[in-house]
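Below is one structure, written out as structure tokens; the observations come after it.
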């Protein structure tokens, strides 16, 4: 009996300790962003250490991130204080599960972002936190093979194809690199770059004649693309290894290349097609789940993250740019300078054709991406006829649009009700 | 304690554990697979089966199992007989052979990726001894055969040891008298292997094959690391439904399809390698 009593004592002591620990717990910042170990550490040391309260920054893959969040929401009780994720992740959630942030008194400097963050409701459901984009980067070696008369800051797709062909010939192997691996962001290239540049649309023009041209052009480019691209997900690796000379990717997935060997690489805007220079932002936000243990602490953390100096610290830590107006200091890492210049040239170009992130798709965002990825795999990898594939995939896209009722977003012309696939 | 009750008391913790952490989640998953927002339905199954990649991933998964498991069976039998014959250093060899067991399958995939990549070890070696002028890109969509062979190699390297361990234990249980008797009658080593080892090993073979075949249907990380998107398998599609498409119903349906295939394969193996009643070793 004494033994049992001892155990009981120990157990209750332990329970007390745990409870005390929970009472004064740090705010748990549960994020899908800044996932690489170095970035996590930089977030803790440089971004969150300046906050008054202690913050427990945890970054995860999307899967575990969602699983834990769903479990807390289902249990109606949680420990997560703040969520950090991409616009697409938040738009896949039920806005009811996020706390309204309209009365915070802070917001991003971009009305577009603030509107996106409302997720179709009247009030901001997440706070725009940081932004990035997709750009092109090249090894300086490849600059010798630029087609005559081409300006690297104002390339067209035809010039890019010619450039890739020249590099292919010179190197004896294809040197264009494309993130078509399992974790690669290829779908964003089709949605935000190829389609807008060739068809001035994403959904409406999915199966148009102009889209056929776009895919023909992409096939031409693919002929000069490193065939190992189906394994590439972070193009900085192939830039550094030399397996690819000219690449397209997310700015933060190119950052290591510029930081490790700043003199070897150049960043430049995405190419232009007949309908302009299509490009697309990446928007990350922070939100408070309705089960957060301490609302005030969570809101205080958001306010901290939106301060200009925190935004600059975040830029240095993650290569994601501020969403509020800040004066950028001079001591930025090379990757940030390179990417910042390229993005500025891209959005400032005369033929800029900026697109928006898909909105209103709810939890069908993944299915929407799959339509574009499948189209790519069938047309480019499997070599199926373009028209037939587009007609077939069109029915899937139509079903998604009708089911979600999502209206068109830029560069598609606005629609009444669900965006039609023409 | 009552001797008749004791066995039940002893298996009680495991039973409770399995009910709580296996049976209960399994029931939830099954429920998820057969329901959508609108109530009980087979829509989830219809959706996953009608997707254009489903036949491809089913074929790939089965093909991989058919290609890998027989080789592993032969290899592990060979290795197990070798190990049992060894006088010295037996444990050492066994430890080394079972190292891959301690490595997660994703890590195993990455190890083999480091070998087969364009700038990987294999290419550096071939280049170093002058067989190729410059690194060749092996794992590409133009060479589905090489991708398949690379995945096969990685799987064989990674998962042969699990069969080996079971078979070594099984061989250890075969009484020496049988071999001595066979030798007296002049049976060749090959004949002894065919007539004594193999039949007596049947229960272990059963276990080893069942375990290995189920693992083969669940193959995922090695394929993802080496094949990227080039070699879709059932488990990869399940992952995509759950985490890319956030469609738990469809993912649950895929999981049940994999379960059904595993059960079918298990029944076939149990039937094929059944030990006749009253025949014991």
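Just so it is clear, none of the values below were taken in a lab; they were calculated from the coordinates. Remember, it's a predicted structure, so these values are computed and weren't measured experimentally. Every residue, glycine among them, receives a Cβ derived from its backbone with ideal geometry; neighbour counts consider all protein chains shown.
Worth a mention:
- Alpha carbon centroid spacing (whole Å) that separates region A:304-345 from region B:92-130: 40 Å
- Per-pair calculated FRET efficiency, R0 = 30 Å: residue A:54 and residue B:107 via Cβ, rounded to 0.05: 0.35
- For region A:188-269: rounded, prolate or oblate by the Cα gyration tensor [a/c cutoff 1.5]: prolate
- Computed helical MRE - 222 nm, chain B, DSSP H runs ≥ 4 contributing -39500 (n - 2.57), nearest 500: -21500 deg cm²/dmol
- Among B:22, B:121, B:45: highest mean-square fluctuation, GNM of chain B, C-alpha pairs under 10 Å: B:22
- For region A:47-151, the relative contact order is 17 percent, taking Cα pairs closer than 8 Å that sit 6 or more residues apart in sequence and dividing their mean separation by the residue count.
- Modelled spin-label separation between residue B:5 and residue B:43, with each label point placed 7 Å from Cα along the Cα-to-Cβ direction: 5.1 nm.
- For the options A:166, A:89, A:231, a Gaussian network treatment of chain A with springs between C-alpha atoms closer than 10 Å singles out A:231 as fluctuating the most.
- Proportion of all alpha-carbon pairs of the protein assembly as shown beyond 40 Å (%): 42 percent
- Estimated inter-spin distance, residue A:71 and residue B:260, nm [label 7 Å along Cα→Cβ]: 3.0 nm
- Cα long-axis angle, helix A:2-23 against chain A (0 to 90 degrees, to the nearest 10): 50 degrees
- Stretchable slack from residue A:94 to residue A:144, in nm (0.36 nm times residue separation minus alpha-carbon distance): 12.9 nm
- From least to most packed, judged by other beta carbons within 10 angstrom and beginning with the fewest, A:396, A:140 follow the order A:140, A:396.
- Of A:211, A:272, A:303, the one that fluctuates the most in a GNM where chain A has Cα springs shorter than 10 Å: A:303
- Distance from region B:223-277 to region B:32-79 (C-alpha centre basis), Å: 4 Å
- For chain B, the square roots of the Cα gyration tensor eigenvalues, ordered a ≥ b ≥ c, give a/c of at least 1.5 with a/b no greater than b/c, which places it in the oblate category.
- Relative to the longest principal axis of the Cα atoms of chain A, the long axis of helix A:62-75 lies at roughly 40 degrees.
- Residue-averaged [θ]222 nm for chain A, counting only DSSP H segments that reach four residues, each worth -39500 (n - 2.57): -12500 deg cm²/dmol
- Where labels lie 7 Å past Cα in the beta-carbon direction, separation of residue A:121 and residue B:99 in nm: 5.5 nm
- The ranking of B:103, B:257, B:174, A:246 from fewest to most other beta carbons within 10 Å of each one's beta carbon is B:103, B:174, B:257, A:246.
- Distance between region A:126-166 and region A:183-242 - C-alpha centres, whole angstrom: 13 Å
- Compared with the dominant Cα axis of chain A, that is its longest principal axis, helix A:386-404 is turned about 30°.
- Here the relative contact order of region B:57-272, from alpha carbon pairs under 8 Å that lie six or more residues apart, stands at 29 percent.
- As a length-normalised measure over Cα pairs under 8 Å and 6 or more apart, the relative contact order of region A:265-422 settles at 23 percent.
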